[in-house]
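Down below is the structure, laid out as C-alpha cells.
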Ligand code: FES
Ligand code: FES
C-alpha cells in the first residue's frame, strides 16, 4: 500500500491504496464520487473523464499517484469550479455546461454524460465559442479516443455545448 495526497474538487485528502491504483477507483471508492463512470477501462470511451489541472484526463488509465499535487475535478466539482472562475456566481448553482445539458435534455441512459460534460468544460476553456466542426472534432477525432455514446446523443451535445458557450460569455 502507498499513501498519496490528492486534491479533488477543492478538498485535499490523503488515501492509502495500492501504488498502481487507477484514479477512477480512488475517486469512486475513496472519495465516494459516483459521477465518475467506469466504461471500457482502456481509454477508449471517455466515460471516466475528469479534469486534471483543467484538462480532460481518462481516469481509468491514469495512476492516482501520477496526479498527486494536481487539481482534480469531477462532475461533482463543476459548480464550485464555475463559482471560482466567476466570482460572485451564486454558490450551489450549476456550471453552465451542466445547465445546458439539462436545458437541451441531452442524457438518455446518462452513463456517458459525466465524461461528455467534462470534455465540454475542457473544450470551452480552450475555445470559448466553438464551431460545430470544432465541437465534433473535440468529441470524436481528438485523442486519445472518441467519447462514445451508445444512446446517440451527439446532436444534442452539439446544441448543449453551443448553449453553454453563450451562457459563459455573458
Ligand atoms: S472507462 Fe476510461 S475511457 Fe472508457
Ligand atoms: S446517454 Fe446513454 S450512453 Fe450516452
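Maximal additional length on extending the residue 170-residue 53 stretch stands at 39.7 nm, based on 0.36 nm per residue less the C-alpha distance.
Working from Cα pairs under 8 Å separated by at least six residues, relative contact order for the chain is 23 percent.
Measuring max minus min along each principal axis, the C-alpha atoms of segment 2-76 give extents of 29, 23, 19 Å (largest first).
Give the separation of the Cα centroids, segment 10-67 to segment 116-170, in Å. The distance from the Cα centre of segment 10-67 to that of segment 116-170 comes to 21 Å.
Using a ≥ b ≥ c from the Cα gyration tensor of segment 102-148 (square roots of the eigenvalues), is it rounded, prolate or oblate, where a/c under 1.5 gives rounded and otherwise the larger of a/b and b/c decides, a/b for prolate? Judged from the Cα gyration tensor, segment 102-148 comes out oblate (a/c at least 1.5, b/c at or above a/b). Calculated over the chain, the projected area of the Cα convex hull averaged across directions stands at 9.2 nm². Taking all Cα pairs closer than 8 Å and separated by 6 or more residues, the relative contact order of segment 2-76 comes to 38 percent. Think of it as helices only: each DSSP H run of n ≥ 4 in the chain is worth -39500 (n - 2.57), and spread over all residues that comes to -9000 deg cm²/dmol at 222 nm. For segment 78-169, the relative contact order works out to 34 percent when only alpha carbon pairs closer than 8 Å and six or more residues apart are counted. With r as the distance between the Cβ atoms of residue 11 and residue 131 and R0 = 25 Å, compute the FRET efficiency 1/(1 + (r/R0)^6) and round to 0.05. Efficiency, from the Cβ-Cβ distance: 0.10.
For residue 103 and residue 40, the difference between the fully extended length at 0.36 nm per residue and the C-alpha to C-alpha distance is 19.8 nm.
From the Cα gyration tensor of segment 78-169, with a ≥ b ≥ c the square roots of its eigenvalues, which class applies: rounded if a/c is under 1.5, or else prolate if a/b is larger than b/c, or else oblate? It is prolate, given that a/c is not under 1.5 and a/b is the larger ratio.
Note on residue 145 and residue 83: the model spin-label points, each 7 Å out from Cα along the C-beta direction, lie 3.5 nm apart.
Subtracting the Cα-Cα distance of residue 63 and residue 2 from their residue separation scaled by 0.36 nm leaves 20.7 nm.
Just so you know, all these numbers are worked out from the coordinates, no wet-lab data involved. Worth saying up front: this structure is predicted, and the values here are computed from it rather than measured. Neighbour counts are summed over all protein chains in view; Cβ atoms, including those assigned to glycine, are modelled from backbone coordinates with ideal geometry.
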